[in-house]
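**Student:** This is the structure I want to talk about, given as structure tokens.
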Amino acid sequence: MQNTKVNIVKTEILSDNWYTLRKITFNILKKDGTIETQSREAYDRGNGAVILLYNKDNQTVILTRQFRLPTYVNGNNTGMLIEACAGLLDNDNPEDCIKRETEEETGYKISKVEKVFESYMSPGSVTEILHFFIAEYSKEMKVNDGGGLEEEGENIEVLELPYTEALKMIDTGEIMDAKTIMLLQHIRIKGIL
């Protein structure tokens with residue numbers, strides 16, 4: 001349903017380099033009946049998908065570690081971030097995307113995934129909806145070393161960790177990525193591991 005209290009007046013593209021940054025000027029009808037003009041910037045990088053692979057028998061999870069420039073410029077001395085496997089949809093449906101990304105990044109070929117929810121990760125400035133998945137893995141599903149695609153500049157380290165250790169890494173600050181924390185907590189809340 002369209003919000004009739006908002007009227008977009010003007011949209012300007014500020015950057016279309018890596019993704020698209022727009023400045024949007026709009027009128028909004030306030031609770032008191034007055035109309036206020038506001039301007040905000042919205043970063044459009046497309047929608048994405050994320051997955052946490054888990055192994056019930058071994059009580060382990062598969063995570064990745066890679067360099068993330070925004071964390072580096074915001075005080076992370078190494079810029080390295082431990083994360084669940086994720087990627088942009090790139091015109092795929094979320095399930096196909098996450099299966100592709102799982103094989104590229106982790107080296108595991110999975111056929112069955114479970115969608116658990118969708119979430120806006122930073123709705124004050126980023127348009128992205130992230131589709132969250134979980135899936136069981138086994139050593140038989142390992143088809144390559146993973147690490148991402150060289151042509152995309154990916155240099156991803158694959159980590160297999162005990163689930164309890166991954167949870168402790170949230171407390172110690174070694175895992176600071178929101179999507180990863182959400183999936184690790186989902187596994188805990190649902191009693192999966």
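**Student:** Could you tell me which residue of the stretch 15-43 is nearest to residue 123 (Cα to Cα), considering only residues that are of a type in the set (A, V, I, L, M) and surrounded by 11 or more Cβ atoms within 10 Å (Cβ to Cβ)?
**Tutor:** Looking at residues that are of a type in the set (A, V, I, L, M) and surrounded by 11 or more Cβ atoms within 10 Å (Cβ to Cβ), I get 42.
**Student:** Those residues that are farther than 23 Å from residue 121 by Cα, outside any strand (DSSP E or B), among the aliphatic types (A, V, I, L, M) and under 21 Å from the mean Cα position of the chain (by Cα), I need them from the stretch 137-191; list them, please.
**Tutor:** Once the filter is applied, which keeps residues that are farther than 23 Å from residue 121 by Cα, outside any strand (DSSP E or B), among the aliphatic types (A, V, I, L, M) and under 21 Å from the mean Cα position of the chain (by Cα), the stretch 137-191 yields only 149.
**Student:** Looking at the stretch 147-174 only, could you name the residues that are in contact (Cβ under 8 Å) with a residue 40 or more places away in the chain and closer than 21 Å to residue 56 by Cβ?
**Tutor:** 158, 159, 160, 161, 162, 163, 164, 166, 169
Any read-out appearing in this document is the output of simple, stated calculations on the displayed coordinates, not a laboratory observation. Bear in mind the structure is a predicted one, so any value in this text is a computation, not a measurement. Neighbour counts are summed over all protein chains in view; Cβ atoms, including those assigned to glycine, are modelled from backbone coordinates with ideal geometry.
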